[in-house]
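Read the structure below first, then the notes.
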Amino acid sequence: DISNHWAKADMALWLSKGYISGYPDGTIRPDNPISRAEFFSVVNRAFGFTLNVPISFNAVSSGDWFYQDIAKAVAAGYVSGSADGNIAPNRNITREEVAVVIANISKLSPYEPAASAFTDIEATWSKSYIGAVINAGIMRGYGDGTFRPGNTITRAEAVVALNAALNRLNAAGGSKNLVAPIESQLPALAVEPQPGQNQSSSSPSEGDIKDYTLTITSSSYGSSRDDDTVNGNVLVDVNSTSIRN
């Protein structure tokens with residue numbers, strides 16, 4: 001059911017990568033809404049968030065299919081739940097909520113001016129986040145000049161926005177450019193010149209850490225989706241770690 005859909009390319013790509021899945025009847029239902037829990041699950045798979053933390057939310061129990069994905073979302077720092085202890089996993093996620101999640105994942109600075117171009121965004125809690133994702137080219141509004149922040153987002157719209165965010169991340173150098181605590185499984189890296197070697201103060205380029213030592217100090221290092229090559233010394237300075245790809 002995506003053969004003639006406007007989001008066919010992104011939907012097919014994400015289906016092939018296993019970031020999304022279809023239904024037993026062979027459909028993907030691109031124009032259906034997506035729940036908050038389903039959205040968190042897609043985000044975790046696509047961006048490689050694997051660590052989780054203990055969670056305690058109303059209407060969320062350890063036996064729920066989404067329990068681990070919510071725990072990963074909280075650990076990654078892109079969602080925290082409300083002050084009354086709710087996280088509403090089964091409620092359909094809105095466009096403004098998606099904008100906030102993507103802005104957090106992408107470490108975008110708040111930017112209200114870009115949101116002011118829309119006729120239906122007033123002084124709202126999400127305005128600066130919407131402006132940030134619009135300014136970064138990750139999300140767009142509609143032809144009538146609206147953004148429709150409170151509308152539920154469709155599965156296709158969610159995938160297209162997340163794919164744009166992932167492409168932007170990869171273009172900027174991959175997951176190493178995520179700043180903690182957004183991806184808490186990435187280590188704090190200490191890159192230091194070695195005695196008798198290049199003492200330049202400039203940072204080494206991505207994938208080429210020649211004349212430097214890369215010190216891994218956390219329980220996990222490396223993107224869950226991309227390979228990385230380190231041309232230099234690697235010091236594992238932690239009791240136990242998982243080095244991926």
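The values are calculated or read from the model by the stated rules, or taken from the named source; none is laboratory data. What you see is a predicted model, and the numbers here were worked out from it, not measured in a lab. As a convention, Cβ positions derive from the backbone with ideal geometry for all residues, glycine included, and neighbour counts pool all protein chains shown. Calculation scope for accessible area: heavy atoms of the full protein, side chains included, ligands and nucleic acids excluded. Shrake-Rupley method; radii C 1.70, N 1.55, O 1.52, S 1.80 Å.
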*asked:* Using a 1.4 Å probe on the protein heavy atoms only, what accessible surface does ARG95 show? Give it in Å² to the nearest 10.
replied: 10 Å²
*Rounded to the nearest 10 Å², what accessible area does GLU112 show when all protein chains are kept and the probe is 1.4 Å?*
90 Å²
*Overall form of segment 103-173 per C-alpha gyration tensor (a/c, 1.5; a/b vs b/c)*: oblate
*Which residue, chosen from ALA71, SER109, PRO33, occupies the Cα position most advanced towards the positive end of the dipole of segment 1-109, where the dipole is computed from +1 (Lys, Arg) and -1 (Asp, Glu) charges on Cβ about the Cα centre?*
SER109
_Using a 1.4 angstrom probe on the protein heavy atoms only, could you order THR94, THR124 from most to least accessible area?_
THR124, THR94
_segment 1-49-segment 141-162 distance, computed between alpha-carbon centres (Å)_ = 15 Å
*Work out how much length TRP125 to ASP227 would gain on full extension: take 0.36 nm times their residue separation and subtract the Cα-Cα distance, in nm to one decimal.*
32.9 nm
*Treat every Asp and Glu Cβ in segment 48-99 as -1 and every Lys and Arg Cβ as +1, leave all other atoms uncharged, and give the resulting dipole magnitude about the Cα centre to the nearest 20 debye.*
80 debye
*Non-local amide H neighbours of SER220 (under 5 Å, H modeled in plane, Pro and chain starts lacking H): which ones?*
SER242
*Largest-first principal axis extents, alpha carbons of segment 1-131, Å*: 43, 39, 23
*How much of LYS72 can a 1.4 Å solvent probe reach, expressed as accessible area in Å² and rounded to 10?*
50 Å²
